[in-house]
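Read through the structure below, which is laid out as C-alpha cells, and then see the notes.
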Amino acid sequence: MNFIDFIEALFQYQFLQKALFTSIMVGIICGIVGCFIILRGMALMGDAISHAVLPGVAISYMLGISFFFGAVITGVLTAIGIGYVSQNSRIKHDMAIGIMFTSMFAVGIIIITFMKSSADLYHILFGNVLAVRMSDMWMTLGIGVLVIALVVLFYKELLVSTFDPTMAQSYGLPNKWIHYALMVVLTMVTVASLQTVGIVLVVAMLITPAATAYLLTNRLSVMIYLSALIGTIASVFGLYFSFTYNLASGATIVLVSAFMFALAFFFSPSQGLMWKAMKARKNRVELMR
Amino acid sequence: MERAIEIEQLFVSYLGNQVVKDITFSVNKGSLVGIIGPNGAGKSTLMKAALNLISKDKGNVKIFGEPLKRWKTNIAYVPQRSDIDWDFPITVIDVVLLGTYPKLGLFKRPSKNDRAWAFDCLKTVGMEQFSNRQIGELSGGQQQRVFLARALAQKAELFFLDEPFVGIDVASEETIINILRDLKREGKTILVVHHDLSKAESYFDHLLLLNKHMIHFGASEEVLQPEVITRAYANQFSFLQPKGVNVT
Ligand SMILES: Nc1ncnc2c1ncn2[C@@H]1O[C@H](COP(=O)(O)OP(=O)(O)O)[C@@H](O)[C@H]1O
Ligand SMILES: [Mg+2]
C-alpha cells in the first residue's frame, strides 16, 4: 500500500481519522513540552515521570475512571518523591530518579497483573492508536489546548527560568512552582500519548523531535515550532507505517522521529557532522597550500 | 542623602559553617561601592544573601527603607559566573531583551520599543555587531558585556555586580567601568564585588572590606590604608611568618 492508498483509507475509515488526529496532537504537544524538558536537562526526569504514571493509569482503569486523574496523582507524587530524596540525602538526582520510577513502574505492573486481560497491559505500554475512542480523542485535544495555552501565556517565564534560573529567582519568579507545574504538564502529556505511543516510548516523543530541532536553530521560539512540526511529521508517517505493515504505532512513530534526528545530526547546516568535517577539511587543505 | 541599601547584622552559613558574620552597612543613593576582600571572604555570599537568593541565618535588608520584596524588579544582578547553559538556543539580543521582562509582568510580551531599547543597551556596551550570535559564541569579556547590557535593559535603580572585571580584556574593563560611572551620575546605586585592590580607589567612592567579618566600611581612601588592609589580608600571608615576615 502506498501513501495515496493511505490517504484514501483515511477518507474511508473513521477510526483512522481519529488515530491521525490524535497522533498529530500528540506530536505537537510532545514536541513543544519536549523543548523545555531537554533544555532544562530533564530528559531523564521525563523518562521517569512518563513511566511512573503506570500505577495511576492501572488503578484508574480498574476503577473505571479517566486515566487522567490517576496519572497526574502518581506522576506528581513521583516528582515530589525524587526531589525529596535527592535534597535530603547524599543520593544524587539521577540515582533518586532511577529508584523512584522503577519502583512505581513495578507497582504498576503488579496492579495490571490483576486485570482481566494482558492485552490491556500491552496497549498501555506500547499504545494502540487504531483503537482510539472518541473520548480519548477529546481528552487529547483538551490536554493539547491546555498545554499550548500555558506555553503561550507563560512563554516569557518559561524562557527565563529555563535559561537563567538565578535571574528568574532574583526578580521573584517561583522557580520551584514552575518546575512542579512542568511536572504536572509532563504527566498530562504522558496521558495524552498513552493511546498513540504508549508509556514506554512517550519519552522518545518528548526528546527526539526537540533534540532534532535543537540541532537546527539558535532561537527557542523557532525550536518550539520546528519540534512540533517534526513531531507531527513523525506521527503522520509513523501512523502510515503502522497501518500499512500492521506494526505497533508507538514503535513506528518513534523510529520515524529517530530517522529525522539522524538526518539533522549528520546534515544540519550549523551543527551537522558532515558540514563540520567538510569545513575542517577545507581549512586544512587551504593551509596546506 | 537618601539611604538606598541598609544591611543590618547579616549572618550566613553553609551547612553550619559561618562564612559571613555580622555585616552591617548602608549605602547612599547614587554611590558606586566596591566590596573587596580576599578569596573566599564571603563577598559573593554576602551579595546573594542580600538579594535573598540564599537563606540567611540572621539579618535585615532594606531597600529605600522598604523590604527587598517591593524592589525586586528594580534590582539588576549580574552573578560572578552565570550558571547558564552556553549552548542554549538564544541569541545575544534576546539575552539582553530578558532584561525587560521583570518590569513587563505576567502575560505581556516585549514590544517593538522594548526591542529597540535592548538594542540600544547592546550598543552602549559596544556589542551591537554581535546581536544575532548565539550566546556561547562569544569570548568571556564579550559575554560579561552582554550581561551588563541585560542589566541596563532592566532600567533598575540598583545594580549588584559580582566580579564583573574578572577574566576580561582591558578594553571591556574600560567600557564597563565607564558605564558604571554613567549610571552613578544618573543617580543609580551600584554595588560591585571586586578583588583587585590596585584599582579599587579609582573605581569606587566607597569600599566595604570584609573577610568573613566586616573589617571596614567607608570612603575608599580611608579603607585603603595599610593597617586596614592588613587586617583583612593578614592570614593570607601567615605562611611568611616563619621566614621572619610579619604583616600584622
Ligand atoms: N554553595 C556553597 N556551599 C558550601 N560552601 C560554600 C558555598 N559557596 C561558597 N562556599 C564557601 O563560602 C566561603 C565564601 O565563599 P564566597 O562568598 O564565594 O567568597 P568570595 O566571593 O569572597 O570569594 C568560601 O569558603 C566558600 O568555600
Ligand atoms: Mg566570589
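The values are calculated or read from the model by the stated rules, or taken from the named source; none is laboratory data. Just so it is clear, the structure is predicted and the values come from calculations on it, not from any experiment. Note: ideal-geometry Cβ built from the backbone for every residue, glycine included; neighbour counts use all protein chains shown. Just so you know, the surface numbers come from the protein's heavy atoms only, side chains and all, with ligands and any DNA or RNA stripped out. Shrake-Rupley method; radii C 1.70, N 1.55, O 1.52, S 1.80 Å.
Worth a mention:
- Check on B:K155, farther than 29 Å from B:Y233 by Cβ, more than 16 Å from ligand 2 (Cβ to nearest atom), open to solvent by less than 50 Å² (accessible area, probe 1.4 Å) and not β-branched (V, I, T): no
- The listed residues are A:L194, A:L226, and the only one of them that is within 14 Å of chain B (Cβ to nearest Cβ), at negative phi and not charged (D, E, K, R) turns out to be A:L226.
- Scanning the stretch A:126-150 for residues that are surrounded by 15 or more Cβ atoms within 10 Å (Cβ to Cβ) and part of a loop (DSSP other than H, G, I, E, B) turns up A:G127, A:N128, A:V132.
- For the stretch A:246-263, the tally of residues that are at pLDDT 90 or above and more than 19 Å from the chain's Cα centre (by Cα) stands at 1.
- Matching residues in the stretch B:158-179 - criterion: being surrounded by fewer than 20 Cβ atoms within 10 Å (Cβ to Cβ), hydrophobic (A, V, I, L, M, F, W, C) and either more than 16 Å from ligand 2 (Cβ to nearest atom) or in a helix (DSSP H, G or I) (or both): B:V170, B:A171, B:I177
To keep it simple, each residue is scored yes or no on (1) under 15 Å from the mean Cα position of the chain (by Cα); (2) of a type in the set (S, T, Y).
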site	(1), (2)
A:F21	no, no
A:I32	yes, no
A:F69	no, no
A:G75	yes, no
A:I91	no, no
A:T102	no, yes
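- Flag if A:S170 is closer than 19 Å to B:L97 by Cα, in contact with a strand residue (DSSP E or B) (Cβ under 9 Å, 6 or more places away or on another chain) and of a type outside the set (A, V, I, L, M, F, W, C): yes
- The stretch B:81-95 residues that are more than 7 Å from every other protein chain (Cβ to nearest Cβ), paired with ones that are small (G, A, S) (beta carbon under 7 Å, 6 or more apart): B:W86/B:G136; B:D87/B:G136; B:V92/B:S131; B:I93/B:A118; B:I93/B:S131
- Test: residue in the stretch B:194-203 that is away from ligand 2 (no atom under 16 Å from the Cβ), closer than 29 Å to B:L53 by Cα, touching a residue at least 40 places away in the same chain (Cβ under 8 Å) and open to solvent by less than 70 Å² (accessible area, probe 1.4 Å): yes
- The set of residues from the stretch A:203-227 being β-branched (V, I, T) and over 17 Å from A:G41 (Cα atoms) comprises A:T217, A:V222.
- Residue tally, condition at the interface with chain B (Cβ under 9 Å from one of its Cβ atoms) and part of a helix (DSSP H, G or I), over the stretch A:151-167: 11
So that you can scan it fast, the table gives a plain yes or no per residue for (1) within 12 Å of ligand 1 (Cβ to nearest atom); (2) farther than 18 Å from A:Y171 by Cβ; (3) out of contact with any helix residue (DSSP H, G or I) (no Cβ under 9 Å at 6 or more places or on another chain):
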site	(1), (2), (3)
B:G34	no, yes, no
B:A41	yes, yes, no
B:T45	yes, yes, yes
B:G59	no, yes, no
B:I63	no, no, no
B:S82	no, no, no
B:P89	no, yes, no
B:F107	no, no, no
B:K112	no, yes, yes
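- Sole exception among (1) crowded, with 17+ Cβ neighbours inside 10 Å; (2) more than 21 Å from B:L191 (Cα to Cα); (3) within 12 Å of chain A (Cβ to nearest Cβ) for B:F130, by number: (3)
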